[in-house]
Amino acid sequence: MKVVVVGNIGVGKTSIIRRFVGNAFPKHYKATVGVDFALKVIQIDEKTTVQLQLWDIAGQERFGTMTKIYYKKALGALVVFDVTELSSFQAVEKWVKDIRDKIRDPDDIPMLLVGNKSDTGTTSVVTNEQIEEAATKFGMIGWKVTSAKENKNIEESIDTLLKNILTTMVPEETKDTVSLGEHQNQTTQPNEGSCCGFGGEKTD
């Protein structure tokens, strides 16, 4: 199962992935060049597992063309911004358009809006109301405010997206067996040379 993680450079995409996959937080920042990905095996039931691929897409404009191929067959997306940097929030619309332009799926794919870097002692320049409004405006499944540094709402964010994918995009005949159980310890983390509370979601 492929999920792409997009957003401006420096918003913490790789930190989110590393926290989820290996419960680690990189101390030194290095921008992702092109793309990187990590794998985590999730236990569905006693006989079934899902291999979740988290693809870390570079935030630099110069990689815009070369990353198109990496969006192929994605089933969902995390659109990440930095709650302390207004420009990264304003860029959310661009990233949503980028996903839709490059995937070109007539049924669209579920996207979750993630406001990262909500660390203790930091001041957010974006309100929860603004985040919710943006998520609704761009047709996203919901939103979360996270801190990769403090491991806040990371697993909850990805689980929210996975549940939506499994509910809406997995073939009907497999739905009865799907349950987001406990995460196994089989993981593959991004390469060392690359880097990068609150929430809401739609309900029927």
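All of the numbers you see were taken from the coordinates with simple rules; none came from a lab. Remember, predicted model here, so these are calculated numbers, not experimental data. Cβ coordinates were reconstructed from backbone atoms using ideal geometry, including for glycine residues, and neighbour counts include every protein chain displayed.
Observations
- For the pair residue 86 and residue 39 in one chain, pulling the backbone fully straight at 0.36 nm per residue adds 13.8 nm over the alpha carbon distance.
- With θ taken as phi - 60° and the Karplus curve 6.51 cos²θ - 1.76 cosθ + 1.60 applied, the whole-hertz 3J(HN,Hα) list for segment 120-129 is 4, x, 8, 10, 6, 9, 10, 7, 4, 5 Hz, x standing for glycine and proline.
- Segment 101-167 - convex hull of alpha carbons, volume per residue in Å³: 103 Å³
- Gain on full extension, evaluated as 0.36 nm per residue between residue 130 and residue 159 minus their Cα-Cα distance, stands at 8.2 nm.
- When each of 13/149; 2/68; 2/152; 97/149; 13/137; 40/163 is checked by Cα-Cα distance, pairs over 18 Å: 2/152; 97/149; 13/137
- Label-reachable residues, segment 121-147, where backbone N falls under 19 Å from a point 7 Å from residue 108's Cα toward its Cβ: 130-144
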